[in-house]
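Written out below as structure tokens is the structure these notes cover.
No value in this document is a laboratory result; all are computed from the given coordinates. Everything numeric here is computed off the predicted structure, so don't read it as measured data. Virtual Cβ from ideal backbone geometry, glycine too; neighbours counted across all protein chains shown.
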Amino acid sequence: MIHAQPSKPYRVFLADDSSLVREKMRRLLSALPRITICGETADAPGAVAAIHASHADAVILDIDLHEGSGLDVLTALKEKANAPVVIILTIHAFAGMGRYYLEAGADHYFEKGADFDALLNLLEKLSLEADTDE
């Protein structure tokens, strides 16, 4: 697969309470030439400000964060007109969970146990679309 160089990188922010998951995401995303990680956090407090300050195009957001919830972060992000794409990535696979978060404002929902490839494909697609929008 040949990747054209983007005019600017697609900026992704990682918000997950697990340092192991953040490390795995850094490793996986490093293989995508159009993607750059612009920041990360394990904590809910301050996450929204950090995400906005990073000028993220997309956020990979876990439901569980230290000292708060991914739902709180999602809600606060989507209150702004210039909200990044929010991709929920969670270990929770309860029936209806995806629909709940999509209805709450998430743009995409993936499960950690099964959907890493789909997540990477989505990010590559989003980065290509962002490149053609310029």
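General observations
- The string of couplings for the range 30-45 from the Karplus curve (6.51, -1.76, 1.60, θ = phi - 60°) is 5, 7, 9, x, 8, 9, 10, 8, 9, x, 7, 8, 10, 10, 6, x Hz, one whole number per residue in order, with x for Gly and Pro.
- Debye intensity ratio I(q)/I(0), log10, the range 1-117, q values 0.24 Å⁻¹ (C-alpha model): -1.51
- For Tyr10, the residues whose amide H sits under 5 Å from its own are Ile35, Thr36, ignoring neighbours fewer than 5 places away on the same chain, with H placed 1.01 Å from N.
- Neighbour counts of C-beta atoms inside 10 Å place Thr90, Thr75 in the sequence Thr75, Thr90, starting with the fewest.
- Projected label distance in nm at Asp131 and Ala95, using a 7 Å step from Cα toward the beta-carbon: 4.2 nm
- Histogram of C-alpha separations across the range 51-134, 5 Å bin width, %: 3, 14, 25, 25, 20, 10, 3, 1
- For the chain, calculated [θ]222 nm from helices alone, where every DSSP H run of n ≥ 4 adds -39500 (n - 2.57): -12000 deg cm²/dmol
- Backbone geometry of the range 18-27 corresponds, through the Karplus equation with coefficients 6.51, -1.76 and 1.60 at θ = phi - 60°, to 3J(HN,Hα) couplings of 9, 5, 5, 5, 4, 5, 4, 5, 4, 5 Hz, x marking Gly and Pro.
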